[in-house]
Amino acid sequence: MSNTPSITKCEVLLADLKRGCTRRLVDEVAVETSLAVYINGRKYSVLSASPTEIRELIMGYLMTESLIRRIDEISKLEVFEGRVDVHLRRARRSRGDPSNPHGDEASPVRFSSKAIVDVIEDLNSRAEIHRRTGGVHAAALADESGSIQAISEDISRYSAVDKAVGKAALRGLNMRRLLLALTGRVSSGIAIKAASMGIPVIASMSAPTDLGVKVSSESGITLIGFACRDRLNIYSHPERIIIEEYDG
């Protein structure tokens, strides 16, 4: 499945309403797949995702679902067409249990507004499938300097986050010191995933929902929406953000 492309081509009829005519052309569209996830032989869930980086997706998914704390709790992970079989070394955890292996922050983490803008612009420029098809979301984890440490794209906002988390976990990164950057809206589900990993800041190019703001506020997460060169809408816990004039 890892060899399945994320983009395919489709013939479309373009209706040009200004000129009152039509023409046929070939368009690029994002590929979507459905994955049944089995844990220790029992069906747990079905995910919609792009057909790449499946191992990273499942690792991140298990962590943000609070089913595991570390990836070494996975004894076997097998990917088949439309199905993933996972065997865990330990009993499943319930969602909401502490899942971050790094403990509390050694020192408070803060991000400059310039670093946040740099991350957002870097994410946007590197999200090739998003740019070519408009049919996927992108997510990245970045450090305090604004350097992206993990980035992924997926047809699902949730799966894009899970893939980025899985990549960061494979590298042993401390997610309590990373910023989660997104192209899509921040719903309660995205905020819950960030909270489960101890991620302190979420910054999105798009808008949050009311429950996204509520969960972020209650979880101690700094939530930023409409992030761009000209502005940051900070909805919760602004104390982590160092405001600087951006002249990049």
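Summary of computed values
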quantity	calculated
Those residues of the range 1-49 which are of a type in the set (S, T, N, Q) and open to solvent by 30 Å² or more (accessible area, probe 1.4 Å), in sequence order	SER2, ASN3, THR4, THR8, THR22, SER34, ASN40, SER48
Some residue of the range 191-204 being over 21 Å from ARG177 (Cβ atoms) and in contact with a strand residue (DSSP E or B) (Cβ under 9 Å, 6 or more places away or on another chain)	no
Residues being farther than 15 Å from LEU170 by Cα and assigned to a loop (DSSP other than H, G, I, E, B) - total across the range 62-82	5
Helices (runs of 4 or more DSSP H) lying entirely in the range 154-248 (those with 3 or more residues that are touching a residue at least 24 places away in the same chain (Cβ under 8 Å) and over 23 Å from ILE71 (Cβ atoms))	210-219
SER66 vs. criteria buried (at least 16 other Cβ atoms within 10 Å of the Cβ), polar (S, T, N, Q) and within 19 Å of ARG89 (Cα to Cα)	yes
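Yes/no matrix, rows are residues, columns are (1) within 28 Å of LEU35 (Cα to Cα); (2) more than 14 Å from the chain's Cα centre (by Cα):
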| position | (1), (2) |
| --- | --- |
| GLY134 | yes, yes |
| ALA150 | yes, no |
| SER156 | yes, no |
| LYS163 | yes, no |
| ASP210 | no, yes |
| VAL213 | no, yes |
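The values are calculated or read from the model by the stated rules, or taken from the named source; none is laboratory data. This one's a predicted model, so the numbers in the text were calculated from it and none came from an experiment. Neighbour counts are summed over all protein chains in view; Cβ atoms, including those assigned to glycine, are modelled from backbone coordinates with ideal geometry. The protein model used for the area step is the full one, side chains on, heavy atoms only, and it has no ligands, DNA or RNA in it. Shrake-Rupley method; radii C 1.70, N 1.55, O 1.52, S 1.80 Å.
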